[in-house]
1. Inside the stretch 97-114, can you point out the residues that are hydroxyl-bearing (Ser, Thr, Tyr) and surrounded by 11 or more Cβ atoms within 10 Å (Cβ to Cβ)?
2. Would you be able to say whether some residue in the stretch 99-106 is assigned to a strand (DSSP E or B) and either in contact (Cβ under 8 Å) with a residue 60 or more places away in the chain or under 11 Å from the mean Cα position of the chain (by Cα) (or both)?
3. What residue, of 104, 73, is out of contact with any strand residue (DSSP E or B) (no Cβ under 7 Å at 6 or more places or on another chain) and within 15 Å of residue 55 (Cα to Cα)?
4. I need the full set of residues from the stretch 27-44 which are β-branched (Val, Ile, Thr) and at pLDDT 85 or above, in order please.
5. What number of residues within the stretch 55-74 are among the β-branched types (Val, Ile, Thr) and in a strand (DSSP E or B)?
6. Might you check whether a residue that is surrounded by 11 or more Cβ atoms within 10 Å (Cβ to Cβ), touching a residue at least 60 places away in the same chain (Cβ under 8 Å) and not polar (S, T, N, Q) occurs anywhere in the stretch 73-96?
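The values are calculated or read from the model by the stated rules, or taken from the named source; none is laboratory data. Since this is a predicted model, take the numbers as computed values, not measurements. Here the Cβ positions follow ideal geometry from the backbone for every residue, glycine too, while neighbour counts run over all protein chains shown.
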Amino acid sequence: MPFGAATVFTNKAKAVTADRVRGNPATYTNPPKFVACGTGATGATRTAAAADTALTTEVETRTSGTESVQTTSVTGDTYQVVGSITMTGTRAVDEVMTNDASSSGNISSRRRTR
């Protein structure tokens, strides 16, 4: 059964943002520039939620994306990360995320598709 797309700014992302806005971040010193993808967004996990801490089933190797600041509504209001993940097989990818580490780390945004 298909479901809609949702992009969520997670609870952890709110903490990361608040800390990084400070002149000297105390806890979250790494930018959320790593991109990952996953499969298995079925049943109760179909909707991205602010409390999410990981993908359902992360596949492939995370990649370090390129960071930039874009304009959506007002000048410089959007943080953007662009990265390419090399797929090693045929997969039904139905979720992606940004994270502040190449493994483990803190999930900043999560998008469910399909």
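1. Correct list: 98, 102, 108, 109, 113.
2. yes
3. On inspection, the qualifying residue turns out to be 104.
4. Matches in the stretch 27-44: 27, 29, 35, 39.
5. The qualifying residues number 6.
6. yes
One line per residue, one yes/no per condition, for (1) modelled with pLDDT under 85; (2) of a type in the set (A, V, I, L, M, F, W, C):
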| position | (1), (2) |
| --- | --- |
| 2 | yes, no |
| 25 | yes, no |
| 46 | yes, no |
| 54 | no, yes |
| 79 | no, no |
| 103 | no, no |
